[in-house]
1. Per-residue ellipticity at 222 nm for the chain, helices alone: DSSP H runs ≥ 4 residues times -39500 (n - 2.57), over residue total, nearest 500 deg cm²/dmol?
2. Got a sec? How would 186, 217 order by Cβ neighbour count within 10 Å, fewest to most?
3. State, to one decimal in nm², a quarter of the convex hull surface area for the C-alpha atoms of the chain, i.e. the direction-averaged projected area.
4. With both partners inside the chain, how many of the DSSP beta bridges are antiparallel, as a percent to the nearest 5?
5. Between exposed trypsin sites (Lys or Arg not before Pro) in the chain, where DSSP calls loop and at most 12 other Cβ atoms lie within 10 Å, what's the longest gap?
6. Using Cβ counts within 10 Å as a stand-in for footprinting exposure, how do 59, 249, 149 rank, fewest first?
7. By count of other Cβ within 10 Å, fewest leading, how are 200, 76 ordered?
8. Considering only lysines 8 or more places apart in sequence, or on different chains, count the pairs in the chain whose C-alpha atoms sit under 18 Å apart.
Amino acid sequence: MSPLVVAHRGASAHRAELTFAAYELAIEQGADGIECDVRLTADGHLVCIHDDVVDRTSSGTGRVSEMTLAQLSELDFGSWRDGEPQRVLTFDALLELVVASRPDLTVFVESKHPARFPGRIESKVAATLGRFGLSRPATKDDARVVLMSFSTLAVRKLREYAPRLPTVQLIEKMGEQGRDGWLPPWADYTGPDVELLRVDPGYVERSRAQGHDTYVWTVDTAEDVELCRDLGVRFLATNSPIRTRGYLSAI
Ligand code: G3P
Ligand code: CA
């Protein structure tokens with residue numbers, strides 16, 4: 001089966017990452033899912049920003065966790081990328097887009113879990129999903145949301161606060177966990193970097209033998225797309241859904 005195509009930070013090869021425009025385009029390009037990073041502002045709002053500071057992706061400087069939503073709303077998150085101004089995207093606004101979109105669109109939510117305040121982002125994510133009616137699907141296969149993090153504590157908290165939703169334990173380095181096709185009891189999938197699969201392609205099969213599928217990031221070249229397809233990866237995250245679809249149909 002062909003992997004499901006997830007737009008990493010939206011269609012971020014074409015629009016400023018994690019902006020409304022990037023997600024609108026991802027949906028237009030026919031992505032099966034969209035991926036977003038979430039952080040908490042100083043006044044307790046969830047926003048879609050990757051880095052712990054706003055310096056790289058906005059007109060401002062400073063730590064997200066030390067700024068209010070009003071302060072973030074003054075910044076331009078788009079011009080640095082393509083000259084098109086964009087407002088900060090709140091998690092609520094992203095979910096409004098998701099519920100107004102195709103019913104089969106899945107959102108992959110990554111908690112950028114801070115060591116300080118363990119569980120705060122995760123409980124807020126679960127509560128927000130509950131408000132949108134997205135936290136209690138009949139079965140995990142019906143879920144429109146997948147929760148994930150590199151932090152094992154964050155994934156455990158996400159599982160605790162939203163037990164009906166599938167979780168991904170992201171894996172950055174192919175250590176003991178990767179070699180063994182490790183599936184922690186609090187996760188439904190593991191999420192290795194595609195670079196790790198190039199070194200150890202057997203990882204996907206070993207994981208499958210233990211009963212779990214794989215979410216792989218960030219898959220942008222024809223060679224990597226073909227590798228994921230050949231290995232039977234279930235989800236692949238890409239910065240360009242349209243190019244990745246093209247590679248998949250050309251294989
Ligand atoms: O989808 C997982 C991937 O996004 C993890 O890496 O740094 O892009 O958040 P990063
Ligand atoms: Ca991410």
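Quick note: the coordinates plus some simple rules give every number you see, no bench work behind them. Note that the structure is predicted; figures quoted are calculated from it, not measured. Methodologically, a virtual Cβ is constructed for each residue, glycine included, from the backbone with ideal geometry; neighbour enumeration extends over all protein chains shown.
1. Details: 11 runs with 88 residues, N = 251.
Calculated from helices alone, the mean residue ellipticity at 222 nm is -9500 deg cm²/dmol.
2. Numbers: 186 16, 217 23.
Arranged by neighbour count, lowest to highest, 186, 217 become 186, 217.
3. Values: hull surface 50.5 nm².
That works out to 12.6 nm².
4. Numbers: 4 of 32 bridges.
Once the DSSP bridges in the chain are tallied, antiparallel ones form about 10 percent.
5. Numbers: sites that count: 56, 116, 173.
Here the longest segment lacking exposed loop sites spans 174-251.
6. Details: 59 14, 249 8, 149 26.
Fewest to most other Cβ atoms nearby, the residues stand as 249, 59, 149.
7. Working: 200 13, 76 16.
Starting with the residue having the fewest Cβ neighbours, the order is 200, 76.
8. On the way: 112/124; 112/157; 112/173; 124/157; 140/157.
Here the count comes out as 5.
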